[in-house]
1. Taking a quarter of the surface of the Cα convex hull of segment 103-257, what do you get in nm²?
2. If packing is taken as the average number of other Cβ atoms within 10 Å across a peptide's residues, how do 147-160, 211-224 rank, most packed first?
3. Rounded to the nearest Å, what's the spacing between the alpha carbon centres of segment 176-192 and segment 197-227? Just the number, please.
4. Working out 0.36 nm times the residue gap between residue 253 and residue 77, then minus their Cα-Cα distance, what length gain in nm do you get to one decimal?
5. What spacing in nm lies between the two simple spin-label points modelled at residue 99 and residue 144, each 7 Å away from Cα in the Cβ direction?
6. May I ask you to derive the FRET efficiency for residue 66 and residue 173 from their Cβ-Cβ distance with R0 = 25 Å, giving the value to the nearest 0.05?
C-alpha cells in the first residue's frame, strides 16, 4: 500500500497552465500601466513647461516693453522643479540678429512663488546705431554718437579756449568704468565740423573726455562686464548677483558715482 502511495507521489503531474498564464498577463498589465503613467508624466511635464514659459514670456514682455520675448525653462522635469519651489535655469531672449535690440538673459534659481530674488544673472544686450542714439544719457548731453570698430565718434558742443562753445567731433575709445556702471570715452582725435575754423585741438583732447551712465538704464543690481563696439552696433555683457522678481523692484534703476 505504501509503495503505491510513494509511486503516485513521484508521478509527473500536469502544470497548471491557467495559473501561469494569469500571472504572465498580470505582469504585462503592470508593465503597461507603468509605461502609460510614464508617458502621461512626460506629457504633463511638457504641457506644464509650455504653460510656464508662455506665462513668463508674457509677464516679461509687459514689464520690460521688449517685443517677441521667449522663455526657455531648462532641466529634465519642470514638475519636479516646481515641487521644490525653484526653477534651476531659465533663459529669456528677445529679438534675432539684425533687430534693433537683441537680448539674452540667463537666470539661475528662479523662485516659482515670484517672491524674493533670483540667483545669479548673466546677460547680453546688442543694440544698433539708432537705439544708441535714443539713449536718454546722450540726449541730456546734447550729443550724437557714431559707432565704429573699437571706437566711437561723438559730436557735441564743447567750450574751447578763446573761441568759446563750438561743436566738436571727437573720436574716442570707449571702456567700462565705475565698476561697470558707466562707459568712459578716451579721446584720440578731435576736429571742428565747421570748416571755416582752423584750430589744432590736440592740446585740448583731455577736455573732450566724457562718460555715459549705463546704470541709469538698468536695474539697480546690474553692472556691465564687457563692452564690444563695432560699426553700427554695440554689445554689452551684464551680470547681477540676483534680481528682485517684482515689477516695482525691477523698475528701480542704478546710479553712477
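No lab work stands behind these numbers, since they all come straight from the coordinates. As the structure is a prediction and not an experimental result, all values here were calculated from the model. Don't worry about glycine lacking a Cβ; one is built from the backbone with ideal geometry, like all the others, and counts go over all protein chains shown.
1. Its Cα hull, projected and averaged over all orientations, spans 10.0 nm².
2. 211-224, 147-160
3. One Cα centre to the other: 3 Å.
4. Taking 0.36 nm per residue and subtracting the Cα distance, the gain is 59.9 nm.
5. Result for the modelled spin labels: 2.8 nm.
6. Calculated transfer efficiency: 0.25.
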